[in-house]
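Student: The following block contains the structure, expressed as structure tokens.
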Amino acid sequence: MRNFLSVKDVLPLQTALALAKEVKAKPFADRELGRDKTLLMVFFNSSLRTRLSTQKAALNLGMNVIVLDINQGAWKLETERGVVMDGDKPEHILEAIPVMGCYCDIIGVRAFAGLQDRDYDYREVILNQFIQYSGKPVFSMEGATRHPLQSFADLITIEEYKKTPRPKVLLTWAPHPNALPQAVPNSFAEWMNQTDYEFVITHPEGYELDAEFVQGAVVEYDLEKAYRGADFVYAKNWSAYSGAQYGKVLHDDRRWTVDAQKMALTSNACFMHCLPVRRNMIVTDDVIESPASLVIPEAANRVVSAQTVLREILRGLL
Amino acid sequence: MRNFLSVKDVLPLQTALALAKEVKAKPFADRELGRDKTLLMVFFNSSLRTRLSTQKAALNLGMNVIVLDINQGAWKLETERGVVMDGDKPEHILEAIPVMGCYCDIIGVRAFAGLQDRDYDYREVILNQFIQYSGKPVFSMEGATRHPLQSFADLITIEEYKKTPRPKVLLTWAPHPNALPQAVPNSFAEWMNQTDYEFVITHPEGYELDAEFVQGAVVEYDLEKAYRGADFVYAKNWSAYSGAQYGKVLHDDRRWTVDAQKMALTSNACFMHCLPVRRNMIVTDDVIESPASLVIPEAANRVVSAQTVLREILRGLL
Amino acid sequence: MRNFLSVKDVLPLQTALALAKEVKAKPFADRELGRDKTLLMVFFNSSLRTRLSTQKAALNLGMNVIVLDINQGAWKLETERGVVMDGDKPEHILEAIPVMGCYCDIIGVRAFAGLQDRDYDYREVILNQFIQYSGKPVFSMEGATRHPLQSFADLITIEEYKKTPRPKVLLTWAPHPNALPQAVPNSFAEWMNQTDYEFVITHPEGYELDAEFVQGAVVEYDLEKAYRGADFVYAKNWSAYSGAQYGKVLHDDRRWTVDAQKMALTSNACFMHCLPVRRNMIVTDDVIESPASLVIPEAANRVVSAQTVLREILRGLL
């Protein structure tokens, strides 16, 4: 593997899952693989799970790790070409990226959607600039439109907890006070669409996702029908994708909060969320604290997905 | 040892001191003990000595270290249960703690007293949540009411510099412009009370400490009597503990500043302070710069106390 | 080598260049040299290249690395003696420096000129305090008046790309919106003056550098004459050095921007800059993106200069 940006980079999924299983069973088996190799983690946005789990994964592989928070202790970066740089940004990303590439062997990048310009966000400008200019393998630690390390960990978790070969997996929108990107639901849909699960998406009208990610998934606007028989309920907020509404919070209707009443409609469904989660907005205290909640094992599998991806990239460097 | 929160976790002190001596004599002898083990250091507050000395201690033991500054590059954490999280805190500590526990083997936590609510502070809510929810050994890098790695380093230093078997150790309040927690004096008293030293506490009226920490120590309000014959003068500011005054600065009376005149009353006492220290508030330039000042060897022993504690926790994981 | 503050610490340059060549050819050959040795990197100012390249250099040598951003997560430092510390700075550098020295084997320090007080800046107060009080070898990661790791990397790059034994090297001032220190041009001049190159400095009147750094270099105010026949054009902005103008931006005259027209006067000169660079102020997009631009190989050589210096300091510790 060279870069890791979406599910396409690890197909077929059965192979990816087999590799993940190996990594989880023997996390220190490849300690020599990363020797003298340095991972640079570049954050344009906040992070807890990704920051810690990716470091842990790299350390398990014997790598050195350097963490760079672009907005803390480094220089602010200009991203547009042709600008006369007489403002507050002392460095251009066209220099900064190849420079970063000089000091490491693999680069992880987190760069969220700005939610101002859909076309700009959906072109994944920053991730693609890193691929084009760094000279090093690049993996997404959540881009503008996808969060593939999260989706991979989600898939691993579902595989570990599913009680039927083809579970019904429900992705449900849930309310949130702020405007959030579509990266997690987009990515989750993209991965689910590569499985043979029964995959259903539910959300209020107006919160339709990009058709390219939804693909053949069933979109069910009736909450009761959506929940009925579900084996997994995957909650997430996102802002509007469509047209002029892009990046907007249309409403934060609490009828979409995941609660015990809705969970009672399911087939004893497990509850999932990528975290961080707003309690009593996205999900009630009792549901997230119930035995059906998988949020912690799901987060723990972030080490497994990151280590599996890093291992394949390291093998590609041999 | 599982967790390290107070002197109770390393009793008897003679054993703890013997272990510390081993560590100081051969800092790299246990380089294999920490192999493939990751220390996560979580800071809710600023740190210089603890940040550096604990990293050094862990690196000496061959561990990997991940540092997380909660207020820099991570998500702000909600700490109360039942809240509708529609404000500025995107993550709940009830998720964040078990998640952190997934990505490491041992957790160090710094969480100062808020000084708003004595009962809340003295319950050590955050440290106890880490113990309850992280699933991993937890040690204090200064909690709301104790700073045991500091007190352990203080004890090691006194043992190294004492000229009589049972020195007189004086803990004196000293002025400071801001409201500081009682963690350092509480903890120092708790450790001194486990020794056979002559232990005296002096402070202005109104700055009485919690009786649980003072225990059998002599409290001497007369400054001259307090200093006379002292072998060690340990200065520290703290805010009021009592009742409605909790967390308040009652005054910053410079008569309590440690100066050459007071030191002249002692038995050539060594001067100690945990640092950072406000010069010419807590102590005059000439006293802290005199040969009697132990502030640097005391700080250096922070590596020893941290490494001794980490070593015992690592042994507990075997 | 004990400390590394200027070119004087690595003379003669032929030896330094030979050591750098060894390091570049076999970056992992001295992996055992840094075993159990800890590098502490202390930043009083922002950094991208220095932060990453110095870490990479230390990791290549098998060292442990601790990064401390003084203004993030540590305590603000008082630097003047005799002050009653009742303000916003809780710690004095006279304690902080020896404390830092306790927790590491080598210290790198970045402390820019404040540009308020020329005498204070040119005495390199902070670097010299680290040398005086830390008890450990200290190297400059850019001081108030020099940036020797940059100059060393610049020299390595010129040696790699020069097409004649004694190339003409032009250091040119270029416009910038803010007041910048003289550290990079001072240091570059100091290193060039140790070579047998033809070394020319050009800048607008009023931007004269300190004569101690200029030494025997030719200062040419006529831009056309300066550029003609140059093999390397090294651009950099700096604020005024002279008298009452110290630290001021006299103007940001764009006639000094490095552009294709000026580069056409040269002998197919390579373009160099230490980065970060303000595009279309210092240099036009087309020049920095041309094949003649060496900014990326120059940045890559920062690992080589840092590793060469660290290796010599480590050898001095044996």
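Student: Put the label 7 Å from Cα along Cα→Cβ for residue A:221; what are its distances to the other copies, in nanometres, shortest first?
Tutor: 7.7, 7.7
Student: Rounded to the nearest 500, what is the 222 nm mean residue ellipticity of chain B from helices alone, with -39500 (n - 2.57) per DSSP H run of 4+ residues and division by all residues?
Tutor: Helix contribution divided over all residues of chain B: -10000 deg cm²/dmol.
Student: How shielded is B:266-278 by partner chains, expressed as the average number of their Cβ atoms within 10 Å of its Cβ atoms?
Tutor: 3
Student: Sticking with this one: Please list the three semi-axes, largest first and in whole Å, of the ellipsoid equivalent to region B:140-199, using sqrt of 5 times the eigenvalues of its alpha carbon gyration tensor.
Tutor: 22, 14, 10
Student: Still on this structure, please answer the following. Could you pull the copy-to-copy label distances for residue B:250, with points set 7 Å along Cα to Cβ, in nm to one decimal and sorted shortest first?
Tutor: Its label point is 6.2, 6.3 nm from the equivalent points in the other copies.
Student: Where a ≥ b ≥ c are the square roots of the eigenvalues of the C-alpha gyration tensor, would you call the protein assembly as shown rounded, which needs a/c under 1.5, or, failing that, prolate if a/b is larger than b/c, or oblate?
Tutor: Since a/c reaches 1.5 but b/c is at least a/b, the shape of the protein assembly as shown is classed as oblate.
Student: Would you kindly compute the Cα radius of gyration of region B:1-48 and its largest Cα-Cα separation (Dmax), both in Å?
Tutor: Considering region B:1-48 through its Cα atoms, Rg and Dmax are 13.7, 33 Å.
Student: Give me the number: length gained by fully extending residue B:18 to residue B:71, i.e. 0.36 nm times residue separation minus the C-alpha to C-alpha distance, one decimal in nm.
Tutor: Full-extension gain reported as 15.3 nm.
Student: Evaluate the distance, in nm, between pseudo-label points positioned 7 Å from the Cα of residue A:8 and of residue B:225 along their respective Cα→Cβ axes.
Tutor: It is 8.4 nm.
Student: Which whole-number percent gives the relative contact order of region B:255-318, counting Cα pairs below 8 Å spaced six or more residues apart?
Tutor: Computed over region B:255-318, the figure is 34 percent.
Student: Is region B:49-98 best put as rounded, prolate or oblate by its Cα gyration tensor, with a ≥ b ≥ c the root eigenvalues, rounded for a/c under 1.5, and otherwise prolate when a/b is larger than b/c, oblate when not?
Tutor: prolate
Student: Could you quote the convex hull projected area for region C:71-141, Cα atoms only and averaged over all directions, in nm²?
Tutor: For the Cα atoms of region C:71-141, the hull's average projected area reads 5.4 nm².
Student: Another question about this same structure. Compute a Gaussian network model of chain B, connecting alpha carbons closer than 10 Å, and tell me which residue from B:25, B:269, B:260 fluctuates the most.
Tutor: B:25
Student: Count, for each residue of A:45-54, the Cβ atoms from other chains sitting within 10 Å of its Cβ, then give me the mean as a whole number.
Tutor: The per-residue average across the peptide is 5.
Student: Which of the three applies to region A:1-153, rounded, prolate or oblate, going by the alpha-carbon gyration tensor with a ≥ b ≥ c and a/c under 1.5 meaning rounded?
Tutor: It comes out prolate by the Cα gyration axes.
Student: Dipole of region B:148-298 (Lys/Arg Cβ +1, Asp/Glu Cβ -1, origin at the Cα centre): which of B:156, B:219, B:266 lies farthest to the positive side?
Tutor: Among B:156, B:219, B:266, the one farthest towards the positive end of the dipole of region B:148-298 is B:266.
Student: Let me ask you something else. Report, for residue C:289, each distance to the same residue's label point in the other copies, shortest first and in nm; define the point 7 Å along Cα→Cβ.
Tutor: 5.7, 5.7
Student: What FRET efficiency would be calculated for the residue pair residue B:179, residue C:132, taking the C-beta separation as r and a Förster radius of 35 Å, to the nearest 0.05?
Tutor: The formula returns an efficiency of 0.55 here.
Student: Please find, in a Gaussian network model of chain A (springs between Cα atoms separated by less than 10 Å), the residue of A:106, A:66, A:156 whose mean-square fluctuation is greatest.
Tutor: Fluctuation is largest for A:66.
Student: State which helices in chain C qualify, where a helix is a whole DSSP H run, it must extend 27 Å or more along its own axis by its Cα atoms, and its mean Kyte-Doolittle hydropathy must be at least 0.0.
Tutor: C:295-317
Student: Please compare each pair in B:248/C:76; B:168/B:248; A:26/A:56; A:136/C:24; A:163/B:136 to a cut-off of 21 Å on the Cα-Cα distance and tell me which ones are over it.
Tutor: B:248/C:76; B:168/B:248; A:163/B:136
Student: Report relative contact order for region B:148-298 in percent, whole number only (criteria: Cα-Cα under 8 Å, sequence separation at least 6).
Tutor: 28 percent
Student: Give me the base-10 log of I(q)/I(0) for region A:150-298 at each q in 0.12, 0.13, 0.16 Å⁻¹, Debye formula, one uniform scatterer per Cα, rounded to two decimals.
Tutor: Normalising to I(0) and taking log10 leaves -0.42, -0.50, -0.79.
Student: Can I ask one more? Scan chain B for the residue whose Cβ is closest to the axis carrying it onto chain A, then write down that distance in whole angstrom.
Tutor: Looking at chain B's Cβ atoms against the axis toward A, the nearest is B:72, 3.
Student: Given Cα pairs under 8 Å that are at least 6 residues apart, what percent is the relative contact order of chain C?
Tutor: 20 percent
Student: In bins 10 Å wide, starting from 0, what share of all Cα pairs of chain B does each bin hold, as a percent?
Tutor: Using 10 Å bins, I get a P(r) of 6, 27, 33, 23, 9, 1, 0 for chain B.
Student: Can you tell which of C:90, C:98, C:137 shows the greatest fluctuation in a Gaussian network model of chain C with Cα springs below 10 Å?
Tutor: C:90
Where a number appears in this text, it was derived from the coordinates with a stated rule and is not lab data. Model, not experiment: these values are computed from the prediction. In this analysis, Cβ positions are derived from the backbone assuming ideal geometry, glycine residues included, and neighbour counts consider all displayed protein chains.
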